[in-house]
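K.L.:
One structure follows; several queries about it will come next.
The values are calculated or read from the model by the stated rules, or taken from the named source; none is laboratory data. This is a predicted model, so every value here is computed, not measured. Positions of Cβ are generated from backbone atoms using ideal geometry, with glycine treated the same way; all protein chains shown enter the neighbour counts.
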Amino acid sequence: MRGEKMSGREGLLLNGEQDQVPLGEIVQLSQIRGDRNRVTTALKDSILQEGLLYPPIVASVTPALLEEYIGFTNRTWGGDANFDDFADRLRLDGNYYLMVAGHTRCAAVEELINEGALPADIEMPVKVVKMGSVMDIVSVQRADNLHSAPPKEREAMAIVELYVWGLENGSWSNKKEFLNSQSSQNINITRGTLRDALHYANLPSRIRNFILGGAIKYSVGVEMGAGVPIMLDFFAYKMGFSGFDDSAINEESKRQIELATEVFLDRLCIEIVSGNRSTGKNRSILESRVLIRNELERMKGVMVPVSDEPLFTLQEPPSQIIDGEIRNLRRALNDMTVRHASGLLSDMIKGQEGLLGSDEVDSLLEKLKSAENYEYQSLGGIALSASI
């Protein structure tokens, strides 16, 4: 996704005015987009010593445009943010400042404020660009990626938002037209890059956060995302439906099917990070997808059964299915805390609070801390570190 020049909407990046604004007055939609940024010590040290050499870019948007963009990101990424949540950030000119580029720099400033290294009311330099449409916003995000070489997962998010918004508004009607449109602007997005980005977009936000936080490789996340439609059908069948597209599925059933799928993927991530699943050439993830697909096809009567015994009984109560998946997740978490020690695992445990509750998360963190102390002592004071 590289080009040599910007024109049209992308040229907005070349314009704009400088401003100073407290971080708390900028609207950031990280909670919707699953936009968890990796902040390095080097970046924070640089900010403390030299300031922000490259100010983040914010869009000056009307209330109507902000509400429209929030609705779009909710639809695209499965968020539930409300426009009213940002009422206190309305500026005197009647517009909002919306973060569109420089999220990692803002995250670094926020960490420095939380650590007491910067005052809470410090004003941050920003470049302000006036934007009049959602297409302006997503185009500028993509244009920023052309020149900043972001991680693949962040590039994927910009591609998905641009592609989906164009579909919704008739700028293109299929993937081929989208790719041709980008090519005409000297922007090279391959079919494989778009395919992988759309697979990544299939993932629940909590799973995307594992990737954005560095615990899971983007390529592994893409393979998991490719299997999400199969998993949704799998759990829909377990709950007695003909598939995830069954018209009999109401909103509550849809939520239960999606939750079961999310917990299943969550456990898969835990096993990968703890070393219980090999990801060499993504083989383990592919095998998991094939297992689910084979069982699903066997249930549909499309293929010869792969085993004499079914993996489950049809029409299990949804609560029983979800409880079973959560039990599997708990087993994986407990096994991980006993056998492994890693900062990545600590972050992943903290990510379970919404599902398991704070008390259980605190207990798991204590177990992990005990495992870390044991490994440190058993190695004569040399601590282990693990990464994926």
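K.L.:
Does segment 95-106 contain any residue that is assigned to a loop (DSSP other than H, G, I, E, B), assigned by TED's automatic domain parsing to the domain that holds residue 20 and free of Cβ contacts under 8 Å to residues at least 12 places away in the same chain?
P.N.:
Pass one, segment 95-106, residues assigned to a loop (DSSP other than H, G, I, E, B): 95, 102.
Now narrow it down to the ones that are assigned by TED's automatic domain parsing to the domain that holds residue 20: 95, 102.
From the residues that got through so far, the ones that are free of Cβ contacts under 8 Å to residues at least 12 places away in the same chain too are none.
No; the residues of segment 95-106 include none that is assigned to a loop (DSSP other than H, G, I, E, B), assigned by TED's automatic domain parsing to the domain that holds residue 20 and free of Cβ contacts under 8 Å to residues at least 12 places away in the same chain.
K.L.:
Out of segment 113-153, which residues are touching a helix residue (DSSP H, G or I) at 6+ places or on another chain (Cβ under 8 Å), at pLDDT 85 or above and part of a helix (DSSP H, G or I)?
P.N.:
113, 134, 135, 136, 137, 138, 139, 152, 153
K.L.:
Are there any pairs, at least 6 apart or on different chains, whose C-beta atoms fall under 8 Å, with the first in segment 165-181 and on the phi > 0 side of the Ramachandran plot and the second at pLDDT below 95 and surrounded by fewer than 16 Cβ atoms within 10 Å (Cβ to Cβ), and if so, which?
P.N.:
From residues that are on the phi > 0 side of the Ramachandran plot, there are no pairs.
K.L.:
Please go through (1) surrounded by fewer than 19 Cβ atoms within 10 Å (Cβ to Cβ); (2) of a type outside the set (D, E, K, R); (3) over 22 Å from the mean Cα position of the chain (by Cα) for residue 71 and return the number of the only condition it doesn't satisfy.
P.N.:
Evaluating residue 71 over (1) surrounded by fewer than 19 Cβ atoms within 10 Å (Cβ to Cβ); (2) of a type outside the set (D, E, K, R); (3) over 22 Å from the mean Cα position of the chain (by Cα) leaves (3) as the failure.
K.L.:
Restricting attention to segment 115-162, which residues are farther than 18 Å from residue 178 by Cβ and among the acidic types (Asp, Glu)? Full working, then the answer.
P.N.:
Within segment 115-162, the first condition is being farther than 18 Å from residue 178 by Cβ, and the residues that meet it are 115-132, 144, 147-154.
Selection gives 115, 121, 123, 144, 153.
K.L.:
Is there any pair with a first residue in segment 208-237 that is within 16 Å of residue 77 (Cα to Cα) and a second that is among the hydroxyl-bearing types (Ser, Thr, Tyr) whose Cβ atoms are under 6 Å apart and which are 6 or more apart or on different chains, and what are they?
P.N.:
Short answer, once both residue conditions are applied: 211/218; 221/200; 222/200; 225/200.
K.L.:
Can we say residue 277 is modelled with pLDDT under 80, out of contact with any Phe, Trp or Tyr (no Cβ under 7 Å at 6 or more places or on another chain) and either part of a helix (DSSP H, G or I) or of a type outside the set (S, T, N, Q) (or both)?
P.N.:
Details: modelled with pLDDT under 80: yes; out of contact with any Phe, Trp or Tyr (no Cβ under 7 Å at 6 or more places or on another chain): yes; either part of a helix (DSSP H, G or I) or of a type outside the set (S, T, N, Q) (or both): yes.
The answer is yes for residue 277.
K.L.:
Here is a further query. So which residues in segment 66-94 are over 19 Å from residue 24 (Cβ atoms) and in a helix (DSSP H, G or I), if there are any at all?
P.N.:
67, 68, 69, 71, 72, 73, 74, 75, 76, 77
K.L.:
Out of everything in segment 114-157 that is on the phi < 0 side of the Ramachandran plot and among the small types (Gly, Ala, Ser), what residue ends up being surrounded by the fewest Cβ atoms within 10 Å (Cβ to Cβ)?
P.N.:
The first filter runs over segment 114-157 and keeps only residues on the phi < 0 side of the Ramachandran plot, leaving 114-115, 117-148, 150-157.
Those still in the list that are among the small types (Gly, Ala, Ser) too: 117, 120, 132-133, 139, 143, 148, 156.
Working: 117: 13, 120: 10, 132: 14, 133: 15, 139: 26, 143: 26, 148: 13, 156: 27.
That would be 120.
K.L.:
Working only within segment 184-198, note down all residues that are loosely packed, with under 12 Cβ neighbours inside 10 Å and assigned to a helix (DSSP H, G or I).
P.N.:
Of everything in segment 184-198, those that are loosely packed, with under 12 Cβ neighbours inside 10 Å and assigned to a helix (DSSP H, G or I) turn out to be 191, 192.
K.L.:
Okay, moving on. Taking the options 177, 110, name whichever one is outside the structural domain of residue 64 (by TED's automatic domain parsing), surrounded by fewer than 20 Cβ atoms within 10 Å (Cβ to Cβ) and part of a helix (DSSP H, G or I). Write out each step before concluding.
P.N.:
Working: 110 fails: outside the structural domain of residue 64 (by TED's automatic domain parsing).
When all the criteria are applied, what remains is 177.
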